[in-house]
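K.L.:
One structure is given below, represented as C-alpha cells, and several questions about it will come after.
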Amino acid sequence: MLEHYYYNLNTDQKGNHEVHRVDCSYLPVPQNREYIGIYTNCRDAIEKAKFITGKINFDGCYWCAKECHRG
C-alpha cells in the first residue's frame, strides 16, 4: 500500500529525525515536518530522506513505522 511519508525537522533525544506516515497520531505539526514522498514502506522513505538531505540520522516512528524504529 502506498503511503505519504514525512520526517520531523526537529531531532529526538537521540539526535534522529523521526519518519512518520501521514496518518500517524504523532505526525509533527506542518511547520515542524518535511514531506518525503509516497512509498510502500518506511525503509524506502528513510533512504529517500537520507538522499535528499545528505543526513544519515533518521529513525522510524515507534507507532507508525515500527519496522524501521531502532530506538
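The numbers here are math on the coordinates, done by the rules we state, and not lab data. Computed from a prediction, not measured in an experiment: that's the story for all the values here. Note: ideal-geometry Cβ built from the backbone for every residue, glycine included; neighbour counts use all protein chains shown.
K.L.:
Residues Lys50, Lys55, Lys14, Lys66: which one is touching a residue at least 24 places away in the same chain (Cβ under 8 Å) and out of contact with any His (no Cβ under 9 Å at 6 or more places or on another chain)?
P.N.:
Of Lys50, Lys55, Lys14, Lys66, the one residue that is touching a residue at least 24 places away in the same chain (Cβ under 8 Å) and out of contact with any His (no Cβ under 9 Å at 6 or more places or on another chain) is Lys14.
K.L.:
Let me ask something else about it. For region 42-51, name all the residues that are in contact with a Cys (Cβ under 9 Å, 6 or more places away or on another chain) and buried (at least 17 other Cβ atoms within 10 Å of the Cβ).
P.N.:
Cys42, Ala45, Ile46
K.L.:
Evaluate the following for Arg33: is it touching a helix residue (DSSP H, G or I) at 6+ places or on another chain (Cβ under 9 Å) and surrounded by 15 or more Cβ atoms within 10 Å (Cβ to Cβ)?
P.N.:
Considered against the rule, which asks whether it is touching a helix residue (DSSP H, G or I) at 6+ places or on another chain (Cβ under 9 Å) and surrounded by 15 or more Cβ atoms within 10 Å (Cβ to Cβ), Arg33 comes out as no.
K.L.:
A follow-up question, please. Within region 41-55, is there a residue that is in a strand (DSSP E or B), within 12 Å of Cys68 (Cβ to Cβ) and either basic (Lys, Arg) or touching a helix residue (DSSP H, G or I) at 6+ places or on another chain (Cβ under 7 Å) (or both)?
P.N.:
no
K.L.:
Filter region 1-28 down to residues that are among the hydroxyl-bearing types (Ser, Thr, Tyr), more than 11 Å from Cys64 (Cα to Cα) and in a loop (DSSP other than H, G, I, E, B), then give me how many there are.
P.N.:
Of the residues in region 1-28, 1 are among the hydroxyl-bearing types (Ser, Thr, Tyr), more than 11 Å from Cys64 (Cα to Cα) and in a loop (DSSP other than H, G, I, E, B).
K.L.:
Under the condition of being among the charged types (D, E, K, R) and part of a helix (DSSP H, G or I), which residue from region 56-71 is surrounded by the most Cβ atoms within 10 Å (Cβ to Cβ)?
P.N.:
Lys66
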